[in-house]
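S.K.: Just dropping this structure here.
The values are calculated or read from the model by the stated rules, or taken from the named source; none is laboratory data. What you are looking at is a predicted structure, and each value in this text was computed from that prediction instead of being measured. We place every Cβ from the backbone using ideal geometry, glycine too, and count neighbours over all the protein chains shown.
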Amino acid sequence: MKTHNILSAGVDEAGRGPLVGSVFAAAVILPPDYDLPGLTDSKKLSEKKRDLLAAMIKEQAQAWCVASANPQEIETLNILHATMLAMTRAVRDLAVAPDKVWIDGNRVPKDLGVPAEAVVKGDSKIIEISAASVLAKTARDAEMYALAERYPQYGFDKHKGYGTAQHLAALQQYGVLPEHRRNFAPVKALLAQGRLFG
């Protein structure tokens, strides 16, 4: 896994696919020659391991920031542009300005104000992106646990907002919440039927 001597930030997102909640992005600047055993793409880690690594990254990073775009912004901008907005917010709100930004995927947000490069599968190639993927995913999961406490009947703690059979059945039974993404097809279809929560 590559590490970099210039002051570089890794950026990754979590929560593009779910039907509910915000999309999150994290930006992380790590110390030179930083090594954290077990750190890789957050999707390859157990939840317990992610939580443990997230705490260590926050403690040891030179700078980190987690930002989001909410369901209303997703509806207004579409999910791709809302994701780019969350990434831009995460980079701009870092306490230390990076010299270079490495972004997971194949797109770079416009107007970052910093040289940036997209890296496909970057979360398993560049340690700063791996760290960002862990912070973004744990923040997104925390939002789902908070929603699960407010609306236990939807099962957000189990499916994390993805369009599983359980989630779709709950949507049919209980209706669309204010936190649902209104321009995502299953939600849009229910709204057309007037199926609002309560």
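S.K.: Where in the stretch 1-97 are there strands (runs of 3 or more DSSP E), lying wholly inside it, with at least 1 residues that are more than 16 Å from SER130 (Cβ to Cβ)?
M.R.: 23-29, 63-69
S.K.: Looking at the stretch 169-178, is at least one residue hydroxyl-bearing (Ser, Thr, Tyr), assigned to a helix (DSSP H, G or I) and within 30 Å of ILE57 (Cα to Cα)?
M.R.: Among the residues of the stretch 169-178, not one is hydroxyl-bearing (Ser, Thr, Tyr), assigned to a helix (DSSP H, G or I) and within 30 Å of ILE57 (Cα to Cα), which makes the answer no.
S.K.: A further question follows. For the condition among the charged types (D, E, K, R) and more than 28 Å from THR88 (Cα to Cα), what is the one hit in LYS158, LYS137?
M.R.: Testing whether each residue is among the charged types (D, E, K, R) and more than 28 Å from THR88 (Cα to Cα) leaves just LYS158.
S.K.: Is there a residue in the stretch 156-166 that is modelled with pLDDT of 95 or more, part of a helix (DSSP H, G or I) and in contact with a Gly (Cβ under 6 Å, 6 or more places away or on another chain)?
M.R.: Yes, the stretch 156-166 contains a residue that is modelled with pLDDT of 95 or more, part of a helix (DSSP H, G or I) and in contact with a Gly (Cβ under 6 Å, 6 or more places away or on another chain).
S.K.: Kindly indicate the residue of the stretch 98-145 that is assigned to a helix (DSSP H, G or I) and of a type in the set (S, T, N, Q) and also farthest from ARG181 (Cα to Cα) among those meeting that condition.
M.R.: Once the filter is applied, the top-ranked residue is SER124.
Listed here are the residues, each with its yes/no results for (1) of a type in the set (Phe, Trp, Tyr); (2) surrounded by fewer than 24 Cβ atoms within 10 Å (Cβ to Cβ); (3) touching a strand residue (DSSP E or B) at 6+ places or on another chain (Cβ under 7 Å).
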{"position": "ALA9", "(1), (2), (3)": "no, no, yes"}
{"position": "ASP12", "(1), (2), (3)": "no, no, yes"}
{"position": "GLY15", "(1), (2), (3)": "no, no, yes"}
{"position": "THR40", "(1), (2), (3)": "no, yes, no"}
{"position": "LYS58", "(1), (2), (3)": "no, yes, yes"}
{"position": "VAL66", "(1), (2), (3)": "no, yes, yes"}
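S.K.: Another question, then. Looking only at the stretch 68-83, filter to residues that are crowded, with 22+ Cβ neighbours inside 10 Å and hydrophobic (A, V, I, L, M, F, W, C); which one of those is nearest to HIS180 (Cα to Cα)?
M.R.: Start the filter on the stretch 68-83 by keeping residues that are crowded, with 22+ Cβ neighbours inside 10 Å, which leaves 68-69, 71, 74, 82-83.
Retained after the next criterion (residues that are hydrophobic (A, V, I, L, M, F, W, C)): 69, 74, 82.
Details: ALA69: 13, ILE74: 10, ALA82: 15 Å.
Per the criteria, the residue is ILE74.
S.K.: Follow-up question, since we're still on this one. Does at least one position in the stretch 10-32 carry a residue that is touching a Lys or Arg at 6+ places or on another chain (Cβ under 9 Å) and modelled with pLDDT under 95?
M.R.: Within the stretch 10-32, not a single residue is touching a Lys or Arg at 6+ places or on another chain (Cβ under 9 Å) and modelled with pLDDT under 95.
S.K.: Only one of these conditions is not met by GLY113: (1) surrounded by 15 or more Cβ atoms within 10 Å (Cβ to Cβ); (2) at pLDDT below 95; (3) not polar (S, T, N, Q). Which number is it?
M.R.: Of everything listed in (1) surrounded by 15 or more Cβ atoms within 10 Å (Cβ to Cβ); (2) at pLDDT below 95; (3) not polar (S, T, N, Q), GLY113 misses just condition (1).
S.K.: ALA54 - would you say it is touching a Pro at 6+ places or on another chain (Cβ under 9 Å), surrounded by 18 or more Cβ atoms within 10 Å (Cβ to Cβ) and more than 30 Å from ALA185 (Cα to Cα)?
M.R.: So ALA54 does not fit the description; no.
S.K.: Which condition number does ASN183 fail, the rest of (1) part of a helix (DSSP H, G or I); (2) among the polar types (S, T, N, Q); (3) in contact (Cβ under 8 Å) with a residue 60 or more places away in the chain being met?
M.R.: Here ASN183 clears every test but (1).
S.K.: Let me ask something else. Being surrounded by fewer than 18 Cβ atoms within 10 Å (Cβ to Cβ), in contact with a helix residue (DSSP H, G or I) (Cβ under 9 Å, 6 or more places away or on another chain) and either more than 26 Å from MET56 (Cα to Cα) or modelled with pLDDT of 95 or more (or both) is the filter here; which residues of the stretch 122-147 pass it? Before the answer, list the steps.
M.R.: The initial filter retains those residues of the stretch 122-147 that are surrounded by fewer than 18 Cβ atoms within 10 Å (Cβ to Cβ), namely 124-125, 142, 145-146.
Pick out the ones that are also in contact with a helix residue (DSSP H, G or I) (Cβ under 9 Å, 6 or more places away or on another chain) and you get 124, 145-146.
Within the stretch 122-147, TYR145, ALA146 meet the criteria.
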